[in-house]
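Peer 1: Just passing along the structure, written as structure tokens.
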Amino acid sequence: MKKATKLAALVLAMTMLVSVFAACSNSGSAGDSNSNAASQAAGQSSEAQAPAAGTELKFGTNAEFPPFEFVAANGVIGQYDGIDMAIAKQIAEENGKTAVIENMEFDSLLVALQNGQIDAVIAGMTVTDERKESVDFSTPYYTATQVMIVKEGSDITKASDIADKKICVIQGYTGQTCMDEMGYPYEAFKKGTEAVLELVNGKCDVVVIDSATAEKYVSDNQGLKIVEDPTAFEGEEYAIAVQKGNTELLNMINAAIEKKLADGTISSLAAQYAEAE
Ligand code: ARG
């Protein structure tokens, strides 16, 4: 009894500690709610099993996030290309399976995973405490941060400058969580490209999004630049998500990721896709 109380106090203290330090990448936000996902995933089988001995490994993604996943004429998995897609393909093939991609809205991914519609999520997905409540994450394979994309002539130089600017985020991304935590009002778009178009057209002042994806958008569009503010936006880690308790699949994924981190496969994939047009 006493022990339990102590433990509870410790857990509470740790939770509080985490929320103090998680300036941006952790706490719950409306953006992470899955009402829309739930309706999309409704009607799917509720069989929640990874096909351990099956031949297919079904990954869910949202292919709107270059250089991690995007649609291309000739992708590594059908029409899907990017760092994550290459990693997914390798993980599957190294284990005698075929990677299959299910492309869906970012917000639908975790519900689809919980429903057993997919075996794993690979989507440049940041590990957050809130997400950890519903799924298990692999060893992280990439570190990113939120950045601000602005027009070249913008006077924005730090995060606090955007407090009274028109902010665009992407629905359900950690960038939205950040704005919720900072208490800045924003408009949420379904796709990064839509938010960037809004910026290009002068309808918003700043897009808050993950660093590597921001680099892509800036190189694809003239007149934009990136403003970083590490004091406001902490590092985020991308990992693959599996159903809670699916240790068999998680171990398989972790072994593959750890090997690819150690032998440089992931950093060379990241370099290759960062440069690709
Ligand atoms: N890292 C951010 C997050 O986890 C954005 C990920 C977006 N990924 C995607 N495939 N659209 O919220």
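Values in this text are rule-based calculations from the coordinates and carry no lab data. What you see is a predicted model, and the numbers here were worked out from it, not measured in a lab. Reconstructed Cβ throughout: ideal geometry from the backbone, glycine too, with neighbour counts over all protein chains shown.
Peer 1: Out of all the residues in the range 72-87, which are within 12 Å of the ligand (Cβ to nearest atom) and either without any contact (Cβ under 8 Å) to a residue 24 or more places away in the chain or assigned to a helix (DSSP H, G or I) (or both)? Explain how you work it out, then say what you get.
Peer 2: So in the range 72-87, the residues within 12 Å of the ligand (Cβ to nearest atom) come out as 80, 82-85.
Scanning the range 72-87 gives 80, 83, 84, 85.
Peer 1: Shifting gears a bit: Out of everything in the range 185-229 that is closer than 18 Å to residue 144 by Cα and part of a strand (DSSP E or B), what residue ends up being farthest from the chain's Cα centre (by Cα)?
Peer 2: Once the filter is applied, the top-ranked residue is 225.
Peer 1: Return the only residue of 225, 244 being basic (Lys, Arg) and over 23 Å from residue 69 (Cα atoms). Spell out the reasoning first.
Peer 2: Numbers: 225 fails: over 23 Å from residue 69 (Cα atoms).
Exactly one residue qualifies, and that residue is 244.
Peer 1: Moving on. For the range 103-120, name all the residues that are more than 10 Å from the ligand (Cβ to nearest atom) and out of contact with any helix residue (DSSP H, G or I) (no Cβ under 7 Å at 6 or more places or on another chain).
Peer 2: 113, 114, 116
Peer 1: Determine if the range 136-148 includes at least one residue that is assigned to a helix (DSSP H, G or I), more than 13 Å from the chain's Cα centre (by Cα) and among the hydrophobic types (A, V, I, L, M, F, W, C). Talk me through it step by step, then tell me what you get.
Peer 2: First pass over the range 136-148, keeping only residues assigned to a helix (DSSP H, G or I): none.
For the range 136-148, residues assigned to a helix (DSSP H, G or I), more than 13 Å from the chain's Cα centre (by Cα) and among the hydrophobic types (A, V, I, L, M, F, W, C): absent.
Peer 1: A further question follows. Quick check: is even one residue across the range 148-170 of a type outside the set (Phe, Trp, Tyr), closer than 30 Å to residue 98 by Cα and in contact with a helix residue (DSSP H, G or I) (Cβ under 6 Å, 6 or more places away or on another chain)?
Peer 2: Step one: list which residues in the range 148-170 are of a type outside the set (Phe, Trp, Tyr), which gives 148-170.
Within this subset, residues satisfying the condition of being closer than 30 Å to residue 98 by Cα are none.
No: zero hits.
Peer 1: Within the range 121-135, can you find the residues that are away from the ligand (no atom under 13 Å from the Cβ) and either within 18 Å of residue 87 (Cα to Cα) or without any contact (Cβ under 8 Å) to a residue 12 or more places away in the chain (or both)?
Peer 2: Once the filter is applied, which keeps residues that are away from the ligand (no atom under 13 Å from the Cβ) and either within 18 Å of residue 87 (Cα to Cα) or without any contact (Cβ under 8 Å) to a residue 12 or more places away in the chain (or both), the range 121-135 yields only 133.
Peer 1: Could you please find all residues in the range 136-169 being of a type outside the set (Asp, Glu) and either without any contact (Cβ under 8 Å) to a residue 40 or more places away in the chain or closer than 30 Å to residue 245 by Cβ (or both)? First the steps, then the outcome.
Peer 2: From the range 136-169, those of a type outside the set (Asp, Glu) are 137-151, 153-154, 156-160, 162-163, 165-169; that's our starting set.
137, 138, 139, 140, 141, 142, 143, 144, 153, 163, listed by residue number.
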